[in-house]
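Here is the structure we will look at, set down as structure tokens.
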Amino acid sequence: MKIAFLGSIYPQHCNLIYKRNRSLRHKTYREQQIFIEKETICSSGQWPHHFDKFGYTSIMLCRNNLFLQSKWCEENDFTPSSNDPEFEIIKEQVKRFKPELLFVFGASYYNEQNRLEVLVEKIPTIKKKICWYGAPEGKSNIFNSYDLVLTNSLALRDSLR
């Protein structure tokens, strides 16, 4: 089974990482990804490693790291042409990976402009959608499109129930 984890990075933290490591943006996509996984203040980049141990094939995609995503585009001969390049790149990455399971961090982003629906419609390999609900994101109805919502918060769990 293939799992695509869709994450993001705090923009200020991303900028700080690249500012402190000026040569990073010139490294390959994979080299940047590995470096950032070690430098970030969250553990979401580690999820694929844990799932891979159990025989899954998984990937972590970070939608809002312009340096990283630009390098992916360069290495994969892809040029976004829409008014929403951030989403267009993620959509293309997911499409090429062909996951059966989509694991989303940040439901609000994928709720906007029906992005989750677009992914499922354009990528028929996606069979299940899971979301991590780690902090209040506003209206809880944004989670209605997911097959499973995971949280580490009893208060957030209770608000969904």
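What follows draws every value from the coordinates through simple rules; no lab data is involved. Worth saying up front: this structure is predicted, and the values here are computed from it rather than measured. All Cβ positions, glycine included, derive from the backbone under ideal geometry; neighbour counts span all protein chains shown.
Take the cross-link list 98/128; 2/139; 27/53; 19/95; 98/122; 98/139 and give me the ones stretching past 21 Å between alpha-carbons.
Details: 98/128 12 Å; 2/139 30 Å; 27/53 27 Å; 19/95 31 Å; 98/122 11 Å; 98/139 30 Å.
Exceeds cut-off: 2/139; 27/53; 19/95; 98/139.
Residues whose amide H falls under 5 Å from that of residue 64, counting only those 5 or more places apart or on a different chain, are 9, with hydrogens built in the peptide plane. Spatial offset of region 100-115 relative to region 1-70 amounts to 17 Å, using the alpha carbon center of each. Annotation: amide H-H contacts under 5 Å for residue 104 (H modelled 1.01 Å from N, sequence separation of 5 or more, or interchain): 6, 130, 131, 132. Take every pair of alpha-carbon atoms less than 8 Å apart whose residues are at least six positions apart; their mean separation over the length of the chain yields a relative contact order of 25 percent.
Reported to two decimal places, what Rg/Rh ratio describes region 95-147 when computed on Cα atoms with Rh from the Kirkwood expression?
0.96
The Cα atoms of region 51-161 define a convex hull whose projected area, averaged across directions, is 8.0 nm². For residue 129, the aspartates and glutamates whose Cα falls under 13 Å of its own Cα, not counting residues fewer than eight places away in the same chain, are 100, 117, 121, 147. As a rough guide to protection, the peptides 66-77, 94-105 ranked by mean Cβ packing within 10 Å, highest first, stand as 94-105, 66-77. Summary of packing: across the peptides 141-150, 84-93, 19-28, the per-residue average of other C-beta atoms within 10 Å ranks them, highest first, as 84-93, 141-150, 19-28.
Short version: what are the Cα gyration tensor semi-axes of region 52-117, square root of 5 times each eigenvalue, largest first, in whole Å?
On the way: eigenvalues 79, 56, 22 Å².
Each semi-axis is √(5λ); the values are 20, 17, 11 Å.
Report the Rg/Rh value for region 1-112, based on alpha-carbon coordinates and the Kirkwood definition of Rh. All intermediate terms of the calculation are to be shown ahead of the outcome.
On the way: Rg = 13.7 Å, Rh = 14.6 Å.
Rounded to two decimals, Rg over Rh is 0.94.
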